[in-house]
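The values are calculated or read from the model by the stated rules, or taken from the named source; none is laboratory data. Computed from a prediction, not measured in an experiment: that's the story for all the values here. Cβ: placed from backbone, ideal geometry, glycine included. Neighbour counts: every protein chain shown.
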Amino acid sequence: MRAPSYADAGRRLRGRSDILGVMTTVAIIGDGPAGLSAALFLAKNGHEAVVYGQDKTAMHAAQLHNYLGIDDVSGTDFQTAARAQVTGFGAELRDEQVDAITQQDGRFTVHAGDDTRDADYVILAGAKATRRLADELGVDIADDRVRVDTENRTNVDRVYAAGRLVRANRSQAIISAGAGAVAALDILAREAGKDVHDWDTPPKE
């Protein structure tokens with residue numbers, strides 16, 4: 001018997017109705033651990049997660065020995081596995097650089113080259129290049145980092161930030177992944193109108 005794939009799990013779990021609200025579109029700028037983690041939680045729970053990034057994350061210069069549950073993995077192998085996991089659950093990875101994000105009537109429009117995409121939420125999960133987008137959106141930046149609350153919300157409604165943009169000099173892959181998950185869970189909770197606990201149990205024999 002073959003092991004179930006991410007795509008198999010994604011098809012099964014996207015059919016859940018216990019925590020889903022109305023499907024929303026979340027634009028995630030950055031495809032490192034923070035952005036991919038957010039995309040995983042959102043896509044797994046039936047929302048449209050669109051990740052913008054060109055796979056140029058600093059993870060490709062890393063060797064991980066401090067990621068809980070993994071003895072030793074190169075950052076490149078980690079990224080390859082993470083990208084396959086999120087696409088298996090239905091997230092969309094776009095190999096594009098975001099030029100601008102505009103906001104009108106409570107929604108956002110992401111401009112990337114000749115493409116535009118509307119979104120209900122934005123998660124800024126890139127590094128220094130994403131700071132310009134944060135500035136343009138009016139996000140609060142102090143001491144060279146984006147200010148967020150405990151749910152990784154910025155001062156701009158429906159705009160979140162995670163990863164090196166928030167912790168430039170104290171960034172770790174495992175912290176960034178956790179921050180992306182925190183932002184995603186807050187979006188899931190807002191859309192569901194209740195606290196969300198994304199918990200799965202092993203399949204019955």
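How about the stretch 47-76: which of its residues are of a type in the set (Gly, Ala, Ser), under 15 Å from the mean Cα position of the chain (by Cα) and modelled with pLDDT under 95?
Restricting attention to the stretch 47-76, the residues satisfying the condition of being of a type in the set (Gly, Ala, Ser) are 49, 53, 58, 61-62, 69, 74-75.
If we keep only those that are under 15 Å from the mean Cα position of the chain (by Cα) as well, we get 49, 53.
Of everything in the stretch 47-76, just one residue is of a type in the set (Gly, Ala, Ser), under 15 Å from the mean Cα position of the chain (by Cα) and modelled with pLDDT under 95, namely Gly53.
Are any of the residues in the stretch 130-139 in contact with a Ser or Thr (Cβ under 6 Å, 6 or more places away or on another chain), of a type in the set (A, V, I, L, M, F, W, C) and surrounded by fewer than 23 Cβ atoms within 10 Å (Cβ to Cβ)? Quick ask: steps written out before the conclusion?
In the first step, residues of the stretch 130-139 are kept if they are in contact with a Ser or Thr (Cβ under 6 Å, 6 or more places away or on another chain); the result is 139.
Of the ones still in play, those that are also of a type in the set (A, V, I, L, M, F, W, C) are 139.
Subsequent filtering for residues that are surrounded by fewer than 23 Cβ atoms within 10 Å (Cβ to Cβ) retains 139.
Yes, that holds for at least one residue.
Name the residue that is surrounded by the fewest Cβ atoms within 10 Å (Cβ to Cβ), counting only residues in the stretch 81-99 that are of a type outside the set (Val, Ile, Thr) and under 12 Å from Gly113 (Cα atoms).
The first filter runs over the stretch 81-99 and keeps only residues of a type outside the set (Val, Ile, Thr), leaving 81-85, 88-97, 99.
So of that shortlist, the ones also under 12 Å from Gly113 (Cα atoms) come out as 94-97, 99.
Details: Arg94: 19, Asp95: 11, Glu96: 18, Gln97: 14, Asp99: 13.
Here the answer is Asp95.
Would you be able to tell me the number of residues in the stretch 169-188 that are more than 16 Å from Leu42 (Cβ to Cβ), among the aliphatic types (A, V, I, L, M) and touching a residue at least 40 places away in the same chain (Cβ under 8 Å)?
2
Considering only residues of the stretch 82-127 that are in contact with a Gly (Cβ under 9 Å, 6 or more places away or on another chain) and among the acidic types (Asp, Glu), which is farthest from Thr154 (Cα to Cα)?
Asp95
Might you check whether a residue that is within 18 Å of the chain's Cα centre (by Cα), within 20 Å of Glu151 (Cα to Cα) and modelled with pLDDT of 95 or more occurs anywhere in the stretch 86-97?
Just the residues of the stretch 86-97 that are within 18 Å of the chain's Cα centre (by Cα), to begin with: 86-97.
Filter once more, so that each one left must be within 20 Å of Glu151 (Cα to Cα): none.
No, the stretch 86-97 has no match at all.
I'd like to check something: does the stretch 178-188 contain any residue that is modelled with pLDDT of 95 or more, over 27 Å from Asp105 (Cα atoms) and hydrophobic (A, V, I, L, M, F, W, C)?
Our first condition is that a residue be modelled with pLDDT of 95 or more; within the stretch 178-188, this holds for 178-188.
Checking which are over 27 Å from Asp105 (Cα atoms) leaves us with 178-179.
Restricting the remaining residues to those that are hydrophobic (A, V, I, L, M, F, W, C) gives 179.
So far as the stretch 178-188 goes, yes, one or more of its residues are modelled with pLDDT of 95 or more, over 27 Å from Asp105 (Cα atoms) and hydrophobic (A, V, I, L, M, F, W, C).
Please count how many residues of the stretch 40-61 are surrounded by 21 or more Cβ atoms within 10 Å (Cβ to Cβ), in a helix (DSSP H, G or I) and without any contact (Cβ under 8 Å) to a residue 60 or more places away in the chain.
Of the residues in the stretch 40-61, 1 are surrounded by 21 or more Cβ atoms within 10 Å (Cβ to Cβ), in a helix (DSSP H, G or I) and without any contact (Cβ under 8 Å) to a residue 60 or more places away in the chain.
Taking Glu191, is it within 21 Å of Gly46 (Cβ to Cβ), among the charged types (D, E, K, R) and not in a loop (DSSP other than H, G, I, E, B)?
On the way: within 21 Å of Gly46 (Cβ to Cβ): yes; among the charged types (D, E, K, R): yes; not in a loop (DSSP other than H, G, I, E, B): yes.
Considered against the rule, which asks whether it is within 21 Å of Gly46 (Cβ to Cβ), among the charged types (D, E, K, R) and not in a loop (DSSP other than H, G, I, E, B), Glu191 comes out as yes.
Within the stretch 68-80, track down each residue that is of a type in the set (Asp, Glu) and surrounded by fewer than 14 Cβ atoms within 10 Å (Cβ to Cβ).
At the first step, the residues of the stretch 68-80 found to be of a type in the set (Asp, Glu) are 71-72, 77.
Passing the criteria: Asp71, Asp72.
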